Amino acid sequence: MTNNSVSSTARVLGAGLRALLVLTLVCGVLYPLAVTGVAQALFHDNANGSEIKDGSGQVVGSSLIGQRYDLPLKDGEESPAPDLTWFQPRPSNGLGSNGVNTRYSLILSGATNRSGDNEELVQWVTEAKAAVVEDNSTPAYKVKPADVPADAVTSSGSGLDPHISPAYAALQVHRVAERNNLDVKEVEGLVADHTTGRLLGFLGEPRVNVLELNTALRDLTRG
């Protein structure tokens, strides 16, 4: 009886070990390799993080996550001032810098979770609108408060939106042209080239990827 019990236990353990090895091979090796192979063959860009590269081939970020364009933080400042040489993204405290690209790092994400009549939020939006008007007005182009679109003064739900509206991009054209000694029409052409329409013609809204636009701007100014 004892021998039969030991033999039965050994068979069960042997079967379990074989199942473990087979499942490890299939689920831990073959399946991941198959999925990775298909992803690399059919969706290479997406599988690698939707990377954006500059004219020299260096990866500068992902088209899926926004970046900030700020000046170095000065002593006494709580937050850095925007670098007005570049197109600015939506307001966000979730983006910073890292060692590979000094303008890029995921720190945190999320919305303000404040109601539309929250006093602090109203103050933020009011101050942001005044800053947008001041920053983007040039001697030849004056921005009116009524011209400032909502996405210029509010963050997205995640705080990581890589896009701005064509209206916000157009509002920044004169300032970017002046700061980079470029013709306004030339900068308007960059915006037009990097404006994406509605998906299938009716889903979503037209949008401009800020990182792609600024990468093209950098290549243009360095060319």
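No value in this document is a laboratory result; all are computed from the given coordinates. Predicted, not measured: the structure shown is a model, and the values here were computed from it. Positions of Cβ are generated from backbone atoms using ideal geometry, with glycine treated the same way; all protein chains shown enter the neighbour counts.
Points to keep in mind about this one:
- Ordering of 164-170, 77-83, 128-134, 182-188 by packing is 164-170, 128-134, 182-188, 77-83, highest average first (other Cβ atoms within 10 Å, averaged per residue).
- Total formal charge among the other residues, if their Cβ is under 14 angstrom from that of residue 188, Lys/Arg +1 and Asp/Glu -1: -2
- Under 5 Å between amide hydrogens, built in the peptide plane, is the criterion, and for residue 138 it picks out 143 among residues at least 5 positions away or on other chains.
- Inter-label distance for residue 120 and residue 5, nm, one decimal - labels placed 7 Å from Cα along Cα-to-Cβ: 6.8 nm
- The fewest-to-most ranking of 87, 202, 43 by surrounding Cβ atoms within 10 Å reads 202, 43, 87.
- Spatial offset of region 117-181 relative to region 5-44 amounts to 54 Å, using the alpha carbon center of each.
- Cα gyration tensor of region 2-45 - equivalent ellipsoid semi-axes, whole Å, descending: 40, 4, 4
- Membrane-span-like helices in the chain, defined purely by DSSP H runs whose alpha carbon atoms cover 27 Å or more axially and whose average Kyte-Doolittle hydropathy reaches -0.5, are 2-25.
- Total lysine pairs whose alpha carbons fall under 26 Å of each other in the chain (8 or more apart, or interchain): 7
- With R₀ set to 35 Å, the beta-carbon distance separating residue 45 from residue 221 gives a calculated FRET efficiency near 0.85.
- Cα pair distances in the chain, grouped into 5 Å bins until the bin that holds the longest one, percent each: 1, 6, 10, 14, 16, 13, 9, 6, 4, 4, 3, 3, 3, 2, 2, 2, 1, 1, 0, 0, 0
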